[in-house]
Each structure stands twice: as C-alpha cells, then as structure tokens.
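Colleague: I have a structure here, written as structure tokens, and I will follow up with some questions on it.
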Amino acid sequence: MDNNQLYKKSLEQGFWQYWNGKKSSVAFSADMLDSEHGVGRLPVFKKEFADRNILMKPDANEEDKRRLVNLIPDRKRHKWFRSMSSSQALALSFFGNLVIYSQLDWLRDLRDNDGKAIFGTADLSASNFSMEHEVGTLNEPRPTSLDFYISGRYRVAIECKLTEIEMGPCSRPRLKKDSPEYCDGSYSVQGRRKSRCALTEIGVRYWDYVPALFKWSADRDYDVCPLKNNYQLVRNVLSACVREDGVASPSNGHAVLVYDERNPAFAESGKGAKAFRLTQEVLHESQNLRKVSWQRMCSFMKENKKLSWLTEAIADKYGISEQLISKTI
C-alpha cells in the first residue's frame, strides 16, 4: 500500500471501531448501515439516518439539534454526506457546534504557523456565519458553494478537507474533446472560442478579477493555465476578495484551507500542499490565502477549555486530537 492507501485504511479502521462503540459510548445498529455502499469499506449511513453522522452534544436538547442540522439542509448536502469520511459532516460538526453554543468568536485568537490570525479582522458572529454559502459575484452558471463563510465588511472563505487527495482542479480539461467547453489545459484561444478561458467564453468572471489579486495577466497565453490545478483555491480567494459591487482587492478578505495533518496529500510533497504553495506564491498579498489543520484547531480548543465534549468526540471518531510534529504545508 502507498501512503494514501495506508492513511485511508487507518481512518477506515477507526471509523468501524467508532461505529461498533469500541472507541466511545456511541454505537450504531446494523439497520442504520447502507448495505450497498457501507459494507466492506467505510461506514455509510442510510439516507434516513444521515443526521447521525453529525457530532452532537450528548445532552443537547431538541431545539439545539434542529438548529445544528438545519445549518446544512438536505438540498445542500454532498452526495456522500452520510459517509463517515465526509469532510462536510466534519465541518458541520466542528463549526456548527461552535455557532450553536455561541463559541465562534474565540477563534479570533487562533493563529497559523506563521503567526497570522486565521480569521483576520473578520467579525466572527453567528449573524455573519453560513455554511454552503453560494457566491453570487463571479457569474458562474453553478455558483461556488463555500464550506464555511464569514460575511461582513471583511470576508473569509473556508475550504475544509479530510481524505481528499487534491485541491479541486478545473473540470474543463476532463470534458470530451468535442464539447464546446473543452480545454486542453492551456490558457489560450482554442477551437472556435474567442476567449483564452472556456469559462470566460460563457460569461464567468474569474479572469476579470484574477489580475487584481494574483501575479497573472489575463491578456497573455500560458502553456499551462494558472487555474488548471489550483482552480478551487483561486476560486475561494476570489469569493472572499471580490465585493458585491465588483471591486476586487486584497483588503476585502481572504481564503482559508482546513486540512488533516495525517493526509499525505498535505505533506510537503503532496498534491494538496503543492497546489497551496504555488497559489500562495503568486498572490500579490500572500495573506490572502491561509491554512490551519484540524489538529491545530482541536489543540487550541483544548488549551482554551472550549467544548471539551466536542474535541473528545472528534478524537474518538476521526482520530484527530493534538497537532502533529511531522511537517505539513
């Protein structure tokens, strides 16, 4: 097995121990398991039991449970939200509980390895918080949906990862070559297009704003499109830094990547780590892209004695506890 397979196998074993109640007081019955997708692999809940994949306070009342679940309604949940490896379910469990129990604002003191405040000067209040926030400033046919978003005068767009092995590359090079929106991976006029970018051709405004934030020019060719392999990170920076009035500025906000330190993709030589570094290096202001691990956030919670039941539950289910010593991005 390679490192990616070993990492996922370790998670899988931990999830099954959690499912069977060997790592906590929680145990799930066989009738909750999706027998088609969750046997002999990662545990997957049946659709009607998807909410059981969310970590909830043991003595939570029905109103708190309802508020937590409704932060990401069914229509906004990913296809495999009910898999125990779902990063969306982890994000809802972590950030959602902070909101429900009025603990979100203490994250303002959380800093990355470089000493930068993860959430900058954003107003960390429940009124500015949303999950699966749809961005309306980029004129996308299917609006960008941010895992976690802080609105207001200064905005923060958060991308949460767990087992993912890359940073969301552009989908156009994967289209069939006879598709009008196919791209060969370069930033150049191709086929019958008039624009260098297939997305620009259909009205998407990424390249209207990219030069204001990145050291890339919109009016020259690139053998490899700058957005090909780090599309998701660039899009998140744009989502935070482009205001509703169309003004793009590094002072408007920043994007944050949340990742698992154990995931080989985010080790120094991993695909995710490489995409992050290359994206940050070409920003006019490197602070417009920041990172923090789940381990660092859980360590910070424990140090500040915040929601101890939640850090314990995350450790039991995901094996995420203290920040690791090994080098990551």
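Colleague: Quickly estimate the mean residue ellipticity at 222 nm for the chain, helices only: each DSSP H run with n ≥ 4 gives -39500 (n - 2.57), and the total goes over all residues, rounded to 500.
Modeller: Counting only the DSSP helices, I get -7500 deg cm²/dmol.
Colleague: I would also like to ask the following. Measure nothing but the geometry: give the 0 to 90° angle between the long axis through the Cα atoms of 271-281 and the longest principal axis through the Cα atoms of the chain, rounded to 10°.
Modeller: 50 degrees
Colleague: Also: Would you kindly state the longest site-free stretch of the chain, with sites defined as GluC sites (Glu not before Pro) in a DSSP loop (not H, G, I, E, B) surrounded by at most 15 other Cβ atoms within 10 Å?
Modeller: Counting only loop sites that pass the neighbour cut-off, the longest clear stretch is 37-165.
Colleague: On to the next question. For a quick size check, give me the Cα extents of region 1-120 along its three principal axes, largest first, whole Å.
Modeller: That gives 44, 42, 30 Å along the principal axes, largest extent first.
Colleague: Looking at the P(r) of the chain, how many percent of alpha-carbon pairs lie beyond 27 Å?
Modeller: Cα-Cα pairs in the chain separated by more than 27 Å: 46 percent.
Colleague: I've got another one for you. Which whole-number percent is the relative contact order of region 56-118 (Cα, under 8 Å, 6+ apart)?
Modeller: Relative contact order for region 56-118 comes out at 26 percent.
Colleague: Which lysines, if any, have their Cα less than 28 Å from the Cα of Lys194, not counting same-chain residues under 8 positions apart?
Modeller: Within reach: Lys176, Lys177, Lys215, Lys228.
Colleague: With respect to the cross-link table entries Lys23/Lys46; Lys46/Lys76; Lys8/Lys161; Lys9/Lys317; Lys65/Lys116, which display a Cα-Cα separation exceeding 25 Å?
Modeller: In this structure, Lys65/Lys116 exceed 25 Å between Cα atoms.
Colleague: Just to be sure I understand the model, the point goes 7 Å from the Cα along the line to the Cβ. What's the resulting Ser286 to Asp51 distance in nm?
Modeller: 4.6 nm
Colleague: Work out the charge dipole of region 119-207 with +1 on the Cβ of Lys and Arg and -1 on the Cβ of Asp and Glu about the Cα centre, then indicate which of Asn128, Tyr149, Gly185 is farthest towards its positive end.
Modeller: Gly185
Colleague: List the relative contact order of the chain as a percent without decimals, with contacts defined as Cα pairs under 8 Å and 6+ residues apart.
Modeller: 16 percent
Colleague: Another one. Over the Cα atoms, compute the radius of gyration (one decimal) and Dmax (the largest Cα-Cα distance, rounded to a whole number) for region 32-71, in Å.
Modeller: In Å, with Rg to one decimal and Dmax whole: 12.3, 36.
Colleague: So, in Å, what gap is there between the alpha-carbon centers of region 209-269 and region 1-38?
Modeller: The distance from the Cα centre of region 209-269 to that of region 1-38 comes to 34 Å.
Colleague: Something else now. If I model a spin label as a point 7 Å beyond the Cα along the Cα-Cβ vector, how far apart are those points for Asn139 and His78 in nm?
Modeller: Using points 7 Å along Cα→Cβ, the separation is 3.0 nm.
Colleague: I would also like to ask the following. So if each residue of separation counts as 0.36 nm, and I subtract the Cα-Cα distance between Asp208 and Val224, what length gain in nm does that give?
Modeller: 3.9 nm
Colleague: Run through the DSSP bridge list for the chain and note the antiparallel percent, rounded to the nearest 5.
Modeller: Among the beta bridges of the chain, antiparallel pairing accounts for roughly 60 percent.
Colleague: If you don't mind, another one. To the nearest 20 debye, what is the magnitude of the charge dipole of the chain about its Cα centre, counting +1 on the Cβ of each Lys and Arg and -1 on the Cβ of each Asp and Glu?
Modeller: 420 debye
Colleague: Considering only C-alpha atoms, what is the centroid distance from region 177-202 to region 48-127, in Å?
Modeller: 38 Å
Colleague: Something else now. What full-extension length gain, to one decimal in nm, is calculated for Arg111 and Leu6 as 0.36 nm per residue of separation minus the Cα-Cα distance?
Modeller: 34.8 nm
Colleague: Separation between the Arg174 and Lys22 pseudo-spin-labels, each 7 Å from Cα along Cα→Cβ, expressed in nm?
Modeller: The modelled label-to-label distance comes out at 3.4 nm.
Colleague: What are the ³J(HN,Hα) values, in whole Hz, obtained from phi via the Karplus relation 6.51 cos²θ - 1.76 cosθ + 1.60 with θ = phi - 60°, for each residue of region 112-123 in sequence order, with x given for Gly and Pro?
Modeller: After applying 6.51 cos²θ - 1.76 cosθ + 1.60, I find 8, 5, 8, x, 7, 5, 4, 9, x, 9, 4, 7 Hz.
Rule-based calculations on the coordinates, nothing more; no lab input. Please read all numbers here as calculations on a predicted model, not as lab measurements. Please note: Cβ atoms are built from the backbone with ideal geometry, for glycine as well, and neighbour counts cover all protein chains shown.
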